[in-house]
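The values are calculated or read from the model by the stated rules, or taken from the named source; none is laboratory data. Being a predicted model, the structure only gives us computed values, none of them experimental. Cβ placement follows ideal geometry from the backbone for every residue including glycine, while neighbour counts extend to all protein chains displayed. We work out accessible area using only protein heavy atoms, side chains counted, and drop any ligands, DNA or RNA first. Shrake-Rupley method; radii C 1.70, N 1.55, O 1.52, S 1.80 Å.
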Amino acid sequence: MTSRPPPRPAAKSYDGEGIVVGFDAHRCLHAAECVRGLPTVFDVGRRPWVQPDNAPADEVAEVIHRCPSGALQYHRTDGMPDEVPDVPTHVSLHADGVLHVRGDLEVATPYGPRHETRVMLCGCGATADTPYCDHSGPCAGHG
């Protein structure tokens, strides 16, 4: 019998007017799309670092959609739809061996399948966050 690793801590969530932002630090590869896109909401020098009420929910959702790793997610509480997956699904292999995938996805993980819209998957097999890339393998120099 093989033992399973302990479950990962749940993503943190930040409630705002009309939107709840989820953040999974294990998946963040620091592309900085959030910080560059909406620094009034996403500021790593502030606690909490995510303050969704500092911009309209539509703007927060648009910037989160740019996050390539899927570390940032959102849920609309104002009656507007949650993130709509890209159609058709798009897969690209980057030079560092990371697979960038966007679409209506079901990702097999050690903890069971997860529904996703954006992921960066490990192509080298050296990640501690299977199947998501954490830049701990040969791709680390490319981060």
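Modelling each spin label as a point 7 Å along the Cα-to-Cβ direction, I'd like the Ala32/Ala11 distance in nm, to one decimal.
2.2
Out of residues 5 or more away from Gly18 or on other chains, whose amide H comes under 5 Å of its own, with H placed 1.01 Å from N in the peptide plane?
Amide H neighbours of Gly18, under 5 Å, 5+ apart: Thr77.
Compute the relative contact order of the stretch 51-143 as a whole-number percentage, counting only Cα pairs closer than 8 Å that sit 6 or more residues apart in sequence. Write down the numbers at each step before the final one.
Numbers: 139 pairs, mean separation 18.6, N = 93.
Once divided by the residue count of the stretch 51-143, the mean separation gives 20 percent.
On a full-extension model of 0.36 nm per residue, what is the gain between Ala95 and Ser136, subtracting their alpha-carbon distance, rounded to one decimal in nm? List each step's numbers first, then the result.
Values: separation 41, 0.36 × 41 = 14.76 nm, distance 1.54 nm.
Value of the extension gain: 13.2 nm.
Once a ≥ b ≥ c are taken as the square roots of the eigenvalues of the Cα gyration tensor of the stretch 5-77, is the result rounded (a/c under 1.5), prolate (a/b larger than b/c) or oblate (a/b not larger than b/c)? Could you put the intermediate results ahead of the total?
Numbers: a/c = 1.62, a/b = 1.36, b/c = 1.19.
Prolate is the answer for the stretch 5-77, as a/c is 1.5 or above and a/b outweighs b/c.
Taking only protein heavy atoms into account and a 1.4 Å probe, give the accessible area per residue of the stretch 13-94 in Å².
Working: 4460 Å² over 82 residues.
Result: 54 Å² of accessible area for each residue.
Sticking with the crude label model, points 7 Å out along Cα→Cβ, report the distance from Val20 to Asp58 in nm, one decimal please.
Taking the two extended label points, one gets 2.4 nm.
Which value in nm describes the separation of the simple spin-label points at Ala128 and Tyr111, placed 7 Å from the Cα toward the beta carbon?
1.6
Taking Cα centroids, how far is the stretch 85-123 from the stretch 15-37 in Å?
Value for the Cα centre distance between the two parts: 17 Å.
When the chain is fully extended, how far beyond the present Cα-Cα distance does Asp43 get from Asp104, taking 0.36 nm per residue of separation? Write out the running numbers ahead of the final one.
Working: separation 61, 0.36 × 61 = 21.96 nm, distance 2.92 nm.
Taking Asp43 through Asp104 to full extension adds about 19.0 nm, to one decimal.
Counting other C-beta atoms within 10 Å, and keeping those with at most 16, which DSSP coil trypsin sites (Lys or Arg not before Pro) do you find in the stretch 46-133? Intermediate values should be presented prior to the final figure.
Working: sites: Arg46, Arg66, Arg76, Arg102, Arg114, Arg118; in loops: Arg46, Arg66.
Passing both the DSSP loop test and the Cβ count: Arg46, Arg66.
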